[in-house]
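Heads up: the structure comes next, in structure tokens.
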């Protein structure tokens, strides 16, 4: 991700808003260097938007003009960070994880005949964005409150399975149909969909993220086995001592 925000194009676009960012620094108290960091301007915009949506008082400097500029820069930041630069690689480590969970739900429905008719995940707007980036359907606009990406899963007359995508970001109208990029038919056959998204599905997330367990699995098992053995021996020894002392006591009393 650091490679993304250090790119020349990203820096050039933010530099075109240099005066605005300096004023934003004066208002928020954040250093310019921090505002130029990873989606930092988006966080400022998101905070102010939340305050407005909850009818809280916003700072006097947060005029509609300022909010519009913040939204413009924020949309660029997000679009550039999740789509423009190495989309698939980033998707494997973010939205692809949720997409994989959704595919597993489809598999359970096919293999086990699940009676569930509806599954819902509640998440932040950033999660929705990364999911749409993994699907390659993100439109570059920040999701409003209650926006959702819909998957409709069907069993066709011939027994095969397919799905449609819809995006709901406006409560005054029906959800927008979202064609699956690369799929030639609507609804999209599940086999085709699975093949189209396979490059954004990680089979070993920890390894791809460079995470290493502090203990190798075999080491943990061996350590636990030794600990259990020591505790068992100690417990048996304590019981033996207790029995021996009781016998001596009874012998003296006799």
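The values are calculated or read from the model by the stated rules, or taken from the named source; none is laboratory data. Being a predicted model, the structure only gives us computed values, none of them experimental. As a convention, Cβ positions derive from the backbone with ideal geometry for all residues, glycine included, and neighbour counts pool all protein chains shown.
Residues in the range 168-185 that are assigned to a loop (DSSP other than H, G, I, E, B) and within 22 Å of the chain's Cα centre (by Cα): 169, 178, 180, 181.
Take residues that are more than 30 Å from residue 10 (Cβ to Cβ) and tell me which of the helices (runs of 4 or more DSSP H) falling wholly in the range 68-167 contain 3 or more.
The helices (runs of 4 or more DSSP H) meeting that bar are 95-112.
Out of the residues in the range 60-107 meeting the condition of being over 23 Å from residue 37 (Cα atoms) and assigned by the TED database to the domain that holds residue 41, tell me which one is surrounded by the most Cβ atoms within 10 Å (Cβ to Cβ). Top of the filtered list is 63.
On the basis of being surrounded by 18 or more Cβ atoms within 10 Å (Cβ to Cβ) and touching a residue at least 24 places away in the same chain (Cβ under 8 Å), does residue 40 make the cut? It is false that residue 40 is surrounded by 18 or more Cβ atoms within 10 Å (Cβ to Cβ) and touching a residue at least 24 places away in the same chain (Cβ under 8 Å).
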